[in-house]
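The values are calculated or read from the model by the stated rules, or taken from the named source; none is laboratory data. The model shown is predicted, which means the values in this text are computed figures rather than measured ones. Quick reminder, even Gly has a Cβ in these numbers, built from the backbone with ideal geometry, and neighbours come from all protein chains shown.
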Amino acid sequence: MSEKITREMICQISELARLRLNSEEILQAQHDMQQMLDYAELLEQLNTDGTEPMVQPVCYENIFRSDAVSECGTKGEILSCAPRAQSGQYLVPITVENGGNENVSEE
Amino acid sequence: MYPKNETAVEMSRKLQAKEVSVREIIQETLQSIRRKEQKTGAFLTVCAEDLLFAQADRIQQRLNDGTLSGLLAGIPVAVKDNICTRGIRTTCASRMLENFIPPYNSKAAELLEKAGMPIIGKTNMDEFAMGNTTETSAFQQTRNPWNDGRVPGGSSGGSCAAVAAGEVMAALGSDTGGSIRQPAAFCGVVGIKPTYGTVSRHGLIAYASSMDQIGPIARNVSDCAALLEVLAEYDPMDATCIRRKDTDFFSSCIPEITGLKIGLPKAYLTDGTDSEVAQAILDAASVFETLGAEVKLFDLPLTEYAVPAYYLLACAEASSNLERFDGIRYGYRSKDNADLQDMYMETRSEGFGPEVRRRILLGTFVLSAGYYEEYYQKAQKARTLISQSFQKAFETYDLLLTPAAPVTAPAAGTACLDPLRAYMSDLCTVPVNLAGLPAVSLPCGFDSTGLPVGMQLIGKHFSEKTILRAAYTYEQASGFSCRAPQPPTEEIHMTENGEKAEIYGRRKNESAV
């Protein structure tokens with residue numbers, strides 16, 4: 001029998017995933033995940049003793065490259081993608097104290 | 001728009017012979033998109049005409065001064081909207097990236113530029129490539145050009161629909177679990193998922209990195225081969241990209257398959273596969289035999305474990321990959337948040353759609369302490385065994401022939417109702433991604449309602465040339481790939497009370513274009 005998914009588990013997982021769910025969404029997520037894990041139970045029938053887990057399918061060698069400086073976007077171009085930036089830095093909500101103000105924080 | 005049966009490679013030859021100009025091709029392509037797009041809904045962004053013409057002039061100059069040649073020089077291409085294009089909005093069909101304009105080009109976009117292939121626009125897709133109908137797009141529905149009540153498949157549904165509708169001759173898609181091959185089958189076009197590592201993933205917005213591959217979509221096998229040739233270049237920016245020397249794929253498009261050994265795995269024809277689809281595959285097998293191949297039915301073990309293994313692994317990788325969407329450096333940010341944690345939560349909850357959230361939650365769960373070994377690592381081990389099962393089959397067979405999808409295109413609005421059922425319909429394609437194999441999807445017939453059926457040819461690692469040779473040989477013999485959807489015939493009917501009712505009548509889609 002696959003893991004029984006509880007409301008508490010969904011709340012914990014959504015916290016880890018940084019997703020906010022309302023009551024209805026929690027119920028739906030509980031149902032969807034239970035259904036998927038029940039289906040995934042099929043894998044228990046497969047004998048995997050002594051089998052190495054596969055991380056990726058084709059290249060088995062480490063790839064090295066020289067640690068050389070190459071061209072990339074300028075600071076201005078990159079910051080222009082940010083929802084909020086100021087003085088050449090990302091602008092984010094306050095991180096230390098509670099409050100509604102935004103302060104400048106270097107990412 | 002394009003002359004009947006003219007391939008992109010032939011069109012490029014005309015460009016290079018100065019029989020037609022790059023500007024004219026761009027103009028014609030834009031007109032075709034304008035004419036058909038309202039019905040198809042394949043594009044999320046069509047590039048500005050003046051910028052395209054400026055680009056066309058630069059390409060024309062390179063052609064004129066002899067610094068540009070190549071199989072597809074001057075041919076406009078549509079690009080799936082998860083492939084970063086410098087200065088062109090790239091949304092992944094998500095609110096999260098609705099206004100994201102990449103400051104850099106993906107390697108694929110860079111190679112298109114080098115080949116003199118203007119990017120005409122960006123195509124609709126399932127949000128973050130999560131889905132197989134293109135219905136999880138946050139922005140619009142794409143309709144199947146063969147029947148607008150049907151989905152185009154997904155996640156590269158926009159690219160495949162654009163090619164099928166004749167809006168463009170070629171497009172790029174990406175394939176993590178079948179996202180090129182399944183919509184290609186539903187739309188009656190050709191699509192290739194290359195061997196993992198053949199095309200750089202640099203600038204492809206990641207879904208499941210160990211399976212994601214960019215690949216070509218076109219109306220015929222040789223155009224696909226030519227486009228793959230453009231894309232298959234080693235890139236140090238992707239550590240999984242492989243240095244290949246055998247990338248002259250177009251040259252493998254020759255009609256000769258005498259003695260080729262093709263295996264027909266039984267499970268792909270029985271487990272939930274529609275009888276008309278199964279029959280079309282058996283008919284294709286007979287064609288291959290007639291053309292000189294040896295075809296045998298055989299048992300390919302472990303097929304039934306592929307879908308659960310795939311979804312556990314893909315969702316795990318997705319949950320990790322999508323952590324980067326935090327509202328700070330790029331993309332959507334929720335407004336008026338109390339603190340940083342609140343901003344993360346609100347940003348991600350508002351920015352991601354339901355299917356993406358569902359997969360992130362599942363992935364987070366299987367990677368969390370206590371469940372990692374039970375689910376994630378078990379799926380990784382299943383992946384090893386599935387891959388070994390293919391390797392064993394390739395000791396006997398050169399290629400495997402299967403359906404590209406167990407059914408033809410389902411009705412819009414029906415496939416997303418039951419997520420698990422939708423996941424299970426990926427059974428023909430996900431095993432290939434787990435094993436990193438190359439495969440092509442190409443048309444092999446029609447069902448009784450006139451919808452295209454697609455076959456899949458799977459080869460061992462780096463066997464694209466064998467796949468292409470077999471696909472090309474079949475295509476030349478069958479002619480299915482050169483057909484295009486019949487434009488709907490508008491019929492006016494009167495209802496009982498005398499009101500005019502408009503319906504679309506449709507002949508069986510048999511006409512060659």
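Quick notes
- B:A318 meets each of the listed conditions (1) within 19 Å of B:N132 (Cα to Cα); (2) over 32 Å from the mean Cα position of the chain (by Cα); (3) of a type outside the set (K, R) apart from (2).
- Conditions (1) crowded, with 24+ Cβ neighbours inside 10 Å; (2) on the phi > 0 side of the Ramachandran plot: number failed by B:V79: (2)
- Take the conditions (1) surrounded by 23 or more Cβ atoms within 10 Å (Cβ to Cβ); (2) part of a strand (DSSP E or B); B:L427 misses just one of them, which is (2).
- Matching residues, the range B:336-367, being modelled with pLDDT under 95 and outside any helix (DSSP H, G or I): B:D336, B:N337, B:A338, B:D339
- Neighbours by Cβ (under 8 Å, 6+ apart or cross-chain): first from the range B:372-396, under 17 Å from A:V58 (Cβ atoms); second of a type in the set (D, E, K, R): B:T384/A:E52; B:F390/B:K460; B:Q391/B:K460; B:F394/B:K460
- Annotation: A:E41 fulfils all but one of (1) under 24 Å from B:V307 (Cα atoms); (2) over 23 Å from the mean Cα position of the chain (by Cα); (3) assigned to a loop (DSSP other than H, G, I, E, B); the unmet one is (3).
- Remark: pairs (first residue in the range B:347-362, within 18 Å of B:F139 (Cα to Cα) and more than 8 Å from chain A (Cβ to nearest Cβ); second residue part of a helix (DSSP H, G or I) and not small (G, A, S); Cβ separation under 6 Å; 6+ apart in sequence or on different chains) = B:G351/B:R95; B:G351/B:M96; B:G353/B:E127; B:V356/B:E127; B:V356/B:F128.
- Restricting the range B:292-341 to residues that are touching a strand residue (DSSP E or B) at 6+ places or on another chain (Cβ under 6 Å), of a type outside the set (V, I, T) and surrounded by 16 or more Cβ atoms within 10 Å (Cβ to Cβ), the residue that is farthest from the other protein chains (Cβ to nearest Cβ) is B:A293.
- Test: B:P255 is surrounded by 15 or more Cβ atoms within 10 Å (Cβ to Cβ) and touching a residue at least 40 places away in the same chain (Cβ under 8 Å): no
- Annotation: B:S286 fulfils all but one of (1) within 14 Å of chain A (Cβ to nearest Cβ); (2) surrounded by fewer than 19 Cβ atoms within 10 Å (Cβ to Cβ); (3) part of a helix (DSSP H, G or I); the unmet one is (1).
- Failed item in (1) buried (at least 24 other Cβ atoms within 10 Å of the Cβ); (2) assigned to a loop (DSSP other than H, G, I, E, B); (3) among the β-branched types (V, I, T), with B:I101 passing the rest: (1)
- Some residue of the range B:263-279 being β-branched (V, I, T), surrounded by fewer than 23 Cβ atoms within 10 Å (Cβ to Cβ) and within 27 Å of the chain's Cα centre (by Cα): yes
- Within the range A:12-24, residues that are more than 15 Å from B:L367 (Cα to Cα) and facing another protein chain (nearest Cβ under 7 Å) reach no partner that is in a loop (DSSP other than H, G, I, E, B) and modelled with pLDDT of 95 or more with beta carbons closer than 6 Å at six or more positions or on different chains.
- Checked against (1) part of a loop (DSSP other than H, G, I, E, B); (2) among the small types (G, A, S); (3) surrounded by fewer than 24 Cβ atoms within 10 Å (Cβ to Cβ), B:A56 meets all criteria but (1).
- For the range B:35-50, a residue qualifies if it is in contact with a strand residue (DSSP E or B) (Cβ under 8 Å, 6 or more places away or on another chain) and part of a loop (DSSP other than H, G, I, E, B), and the qualifying residues are B:A42, B:C47.
- Residue ID - nearest to the other protein chains (Cβ to nearest Cβ), chosen from residues in the range A:40-91 that are surrounded by fewer than 12 Cβ atoms within 10 Å (Cβ to Cβ) and among the basic types (K, R): A:R65
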